[in-house]
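Structure record follows, encoded as structure tokens.
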Amino acid sequence: MIELKQLSKQYGKGGSLTTALSNVDLSIDKGEIFGIIGHSGAGKSTLIRCINLLERPTSGEVWIQGKNLTRLGKQQLQTERRKIGMIFQHFNLLSSATVYDNIAFPLRLIKTPRAEVERKVSDLLALVGLEEHRDKYPAQLSGGQKQRVGIARALASDPEVLLCDEATSALDPQTTDSILRLLLDINKKFHLTIVLITHEMHVIQSICDRVAVIHQGGIVEHGPVTEVFLKPQHEVTREFIRQERDSGGLLGLSTTNQGDESAQAVQITFLGQKTYESILSRTVHETGVNFAILQGTISTIKETPYGQLIVRFEGNEAAIELTIRKLLDQGLDVEVLY
């Protein structure tokens, strides 16, 4: 669906040259929600704007649906851009236009018949839950309502791709969740490919199928969200995940050894249906190891349940090692913390 090949973007000239993107290769499948996460200045906004050539890359290629956008002439590029919707962090609404007219704006630009504009805008207002606000102006709306207008406007031209540039960053957590649910519903209903950039792991975890981590203009890690979130390989990724989870004060704890007694703290990760099974309880019953739960969470990655426990095992060292092996044999991920 979307292929980025050796994409680079530089600003400035000579000695003042700044590299925003460096040889980015990325493949995004049709119908998936693909997240790009990175800190401020990492290059994520430049990357998403290169996809629709609002920023023209210095080198490399952007392919969408088998067409190389970087090779198209101005008129051809305008035609292809109509297949790419975009929503922004700060909404970018016309302040002097009503909700209805903001959504209708891209349709009127291409001279869509009035009856078709009325039908389509009415359908979109219903889709985003703003039927009662059609005649209001942006200043009369909440942040979440403004973003819903932005989403409706982006969908007006029946795009194949929806680009979301920090679409929830200006919103409170509750409103963010409602916008993410709306995007997920749109993805399911229209099988729309969504590319979403953010600096919040919660956003990625909530709705994305796959994720790429961008750092200093390059992709340092990518893959299915479950894999990247639960088994991060790069320090930047681990940093995002640490921010998402409370450390639980584990740094102040240490191992104990008293005679034949030992202690080990481990992080156990459950994925899918195993999240709700009593695997840990059964295993320690078999091995005779005592345990204390130091921290625990149950959540979802998109719609896949997962659980994580940080547990301190106490008992005979050999029994603790046997417990860890048995947990691994049952398909759990176990990481020894100390």
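The values are calculated or read from the model by the stated rules, or taken from the named source; none is laboratory data. Predicted model only: the values in this text are computed from it and were never measured. Cβ coordinates were reconstructed from backbone atoms using ideal geometry, including for glycine residues, and neighbour counts include every protein chain displayed. Note: accessible area is taken over every heavy atom of the protein model, side chains too, but ligands, DNA and RNA are not part of it. Shrake-Rupley method; radii C 1.70, N 1.55, O 1.52, S 1.80 Å.
Considering only residues that are among the hydroxyl-bearing types (Ser, Thr, Tyr) and in contact with a Phe, Trp or Tyr (Cβ under 7 Å, 6 or more places away or on another chain), which ones fall in the stretch 3-34? Within the stretch 3-34, just 18 meets the criteria.
Within the stretch 207-231, the residues that satisfy the criterion of being open to solvent by less than 30 Å² (accessible area, probe 1.4 Å) and assigned to a helix (DSSP H, G or I) are 207, 225, 228, 229, 230.
Just one of the listed residues (27, 45) is without any contact (Cβ under 8 Å) to a residue 40 or more places away in the chain and not in a loop (DSSP other than H, G, I, E, B), namely 27. With respect to the stated conditions, residue 85 is small (Gly, Ala, Ser) and either under 16 Å from the mean Cα position of the chain (by Cα) or under 28 Å from residue 62 (Cα atoms) (or both).
The set of residues in the stretch 64-87 that are of a type in the set (A, V, I, L, M, F, W, C) and touching a residue at least 60 places away in the same chain (Cβ under 8 Å) comprises 64, 84, 86, 87. For the stretch 239-277, the tally of residues that are of a type in the set (D, E, K, R) and modelled with pLDDT of 85 or more stands at 3. Suppose the filter is more than 15 Å from residue 269 (Cβ to Cβ) and either open to solvent by 70 Å² or more (accessible area, probe 1.4 Å) or acidic (Asp, Glu) (or both); does residue 335 pass it? When the stated conditions are applied, residue 335 does not pass them.
Those residues that are outside any helix (DSSP H, G or I) and either touching a residue at least 40 places away in the same chain (Cβ under 8 Å) or in contact with a Ser or Thr (Cβ under 9 Å, 6 or more places away or on another chain) (or both), I need them from the stretch 88-111; list them, please. Hits for the stretch 88-111 are 88, 89, 90, 91, 92, 93, 94, 95, 96, 97, 110.
Restricting the stretch 70-82 to residues that are assigned to a loop (DSSP other than H, G, I, E, B) and open to solvent by less than 70 Å² (accessible area, probe 1.4 Å), the residue that is farthest from residue 199 (Cα to Cα) is 73. Out of the residues in the stretch 48-69 that are open to solvent by 50 Å² or more (accessible area, probe 1.4 Å) and not in a strand (DSSP E or B), which is nearest to residue 236 (Cα to Cα)? Checked the stretch 48-69; the qualifying residue nearest to residue 236 (Cα to Cα) is 49.
Scanning the stretch 305-326 for residues that are open to solvent by 50 Å² or more (accessible area, probe 1.4 Å) and of a type outside the set (A, V, I, L, M) turns up 312, 314, 316, 317, 321, 325, 326.
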